[in-house]
Amino acid sequence: MAMKITVIGLGYLGATHAVAMAKVGHQVIGIEPNQQKLESLSQGKAGFFEPGLDEALAEQIALGRIEFKAQHDESSREADIHFICVGTPQTPGSLAADTSYLESAIKGLAPYLREDALVAGKSTVPVGTAVRLTELLAEATGFSSPNLAWNPEFLREGTALEDSLRPDRLVVGVTNPRSEELLRAVFAPMIASGIPFLVTDLATAELVKAAANAFLATKISFINAMAEIAEVSGADASQLATAIGYDERIGNKFLRNGVGFGGGCLPKDIRALMARAEELGVGQSVAYLKEIDNINLRRRDRVIHLLTQELGSLKDKKVLILGAAFKPDSDDVRDSPALAIALLAQTAGANVVVHDPVALHGVSLKHPELPVEQALHKAFDSADAVVLATEWKEYRELDPTTVSVANKLIIDGRNVLDVAKWQRAGFRVLALGKTITN
Ligand code: UGA
């Protein structure tokens with residue numbers, strides 16, 4: 001049955017969740033205080049690159065199932081569930097997550113919250129946040145025990161809508177039967193389709209998300225640690241990953257070695273987990289995550305090391321960085337390994353040029369000091385070295401005989417190139433996780 005809901009905060013998580021909820025038939029009010037974002041959303045544009053999302057958003061607006069407002073008004077009072085989807089970025093100068101947007105969201109909602117309605121947090125938070133927010137909500141509303149639940153989201157950028165509509169599992173942390181009942185109702189079509197629905201306490205639900213991202217980051221850094229050993233021992237880390245991945249207990253996913261993980265989630269989430277564990281007096285339990293972070297950051301240095309080894313000094317050498325987004329099918333450049341490498345090469349004196357099929361706008365906003373080039377073939381012109389840092393299809397399928405470079409050197413930072421093809425075109429191909437033999 002169709003329910004009325006609000007979705008507070010319309011970044012990647014909120015915009016996708018709002019569209020997914022409208023698609024399953026609910027009536028959605030999206031709350032987004034940023035005026036520019038609000039206008040864009042109202043015109044059916046999410047404001048970021050996510051395959052299929054704008055089309056689905058426009059469709060749901062046309063069907064009258066979704067509308068956007070700068071703040072709550074009386075119509076929010078009719079909603080049964082309020083999903084909080086605001087960001088929890090890393091606090092500058094600290095490892096901890098900044099939860100201040102959650103507090104603002106609670107305060108903005110409180111005057112319009114019915115006592116029998118539910119507040120469901122979806123943002124990634126330090127364990128213990130939900131209890132604190134429940135107290136804040138009780139203070140702001142005067143309700144003795146407001147309904148607050150935690151419902152972490154596991155969507156990946158690039159496949160966000162599909163992940164929201166058909167998640168591997170739904171996890172809800174609740175404190176009373178009413179909250180569970182409302183969440184079962186809102187996710188009813190998904191539960192009916194067989195998606196596992198796990199009911200837990202608040203702390204477990206919060207921790208599930210942090211644990212999942214820490215595990216994923218660990219898998220990537222594990223294979224990158226093996227890559228470091230492969231590079232000095234004659235082994236091949238990609239073949240190693242394939243071989244260990246056949247063991248079902250290990251699995252073959254998230255074992256791609258290369259320039260490592262970036263984005264707005266894995267790096268900040270492992271740091272926030274370390275910070276929270278430290279606060280709880282069990283910092284040692286996840287102290288190993290510091291090394292996961294270090295291994296990841298060392299991959300960026302490895303690319304600079306290879307460039308320097310091959311070119312001598314980087315001073316005045318033209319280095320083309322293929323990719324700016326932290327992964328393909330996204331225009332998100334937050335903590336992007338590609339951009340970190342570009343900045344390191346620039347600091348070492350190189351004339352860096354960055355290409356990306358969709359993310360260059362974000363590069364110019366965040367790093368105006370980095371020269372960008374939109375035309376792929378032009379970007380190659382007279383390059384001394386090329387670094388493939390984000391595995392866009394455009395790069396994987398590029399015909400190396402069509403590009404003109406000064407020095408035929410390419411570093412495959414994602415292990416995706418057809419090495420033989422590039423070698424036939426006269427390129428020296430250096431891939432991470434392999435020993436340089438030629
Ligand atoms: C990640 C999680 O995968 C989602 O489950 C989670 O919901 C999300 O964070 C979140 O917390 O919101 P996302 O950041 O979109 O999703 O990206 P991933 O697909 O996890 O990739 C993260 C980074 O790891 C990328 O830079 C990617 O290139 C890198 N990666 C991934 C590797 O280097 N090797 C791999 O084998 C896989």
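Any read-out appearing in this document is the output of simple, stated calculations on the displayed coordinates, not a laboratory observation. If you're wondering where the values come from, they're calculated on a predicted model, not measured in any experiment. So basically every Cβ, Gly included, is an ideal-geometry build from the backbone, and we count neighbours across all protein chains shown.
Some values worked out for this structure:
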{"quantity": "Relative contact order (%) - criterion: Cα under 8 Å, at least six apart; region: the chain", "calculated": "12"}
{"quantity": "Crossing angle, helix 337-347 versus the chain [Cα axis fit, 0-90 degrees, rounded to tens]", "calculated": "50"}
{"quantity": "Cross-link pairs 122/253; 122/327; 37/107; 45/107; 268/327; 209/268 - those with Cα-Cα distance over 19 Å", "calculated": "122/253; 122/327; 37/107; 45/107"}
{"quantity": "Least to most buried among 246, 101 (fewest other Cβ within 10 Å first)", "calculated": "246, 101"}
{"quantity": "Residue exposure sequence - 74, 278 - by fewest surrounding Cβ within 10 Å", "calculated": "74, 278"}
{"quantity": "Residue-averaged 222 nm ellipticity for the chain, from DSSP H runs of 4+ at -39500 (n - 2.57), nearest 500", "calculated": "-13000 deg cm²/dmol"}
{"quantity": "Helix 12-23 axis, angle to the chain major axis (alpha carbon atoms, nearest 10°)", "calculated": "60"}
{"quantity": "Length added when fully stretched, residue 247-residue 178, from 0.36 nm per residue minus Cα-Cα", "calculated": "20.6 nm"}
{"quantity": "Angle in degrees between helix 288-311 and the longest Cα principal axis of the chain, rounded to the nearest 10", "calculated": "30"}
{"quantity": "Phi to ³J(HN,Hα) by Karplus 6.51 cos²θ - 1.76 cosθ + 1.60 over region 187-203, Hz, x for Gly, Pro", "calculated": "9, 3, x, 6, 4, 5, 7, x, 5, x, 10, 9, 9, 9, 7, 4, 4"}
{"quantity": "For the chain, share of DSSP beta bridges that run antiparallel, in % to the nearest 5", "calculated": "5"}
{"quantity": "Total charge dipole magnitude, region 4-200, about the Cα centre, Cβ charges on Lys, Arg, Asp, Glu only, Debye to nearest 20", "calculated": "180"}
{"quantity": "Length-normalised contact order of region 38-96 in % [C-alpha pairs under 8 Å, at least 6 apart]", "calculated": "25"}
{"quantity": "Residues with amide H under 5 Å from that of residue 120, placed H, sequence gap 5 or more", "calculated": "82, 83, 84, 149"}
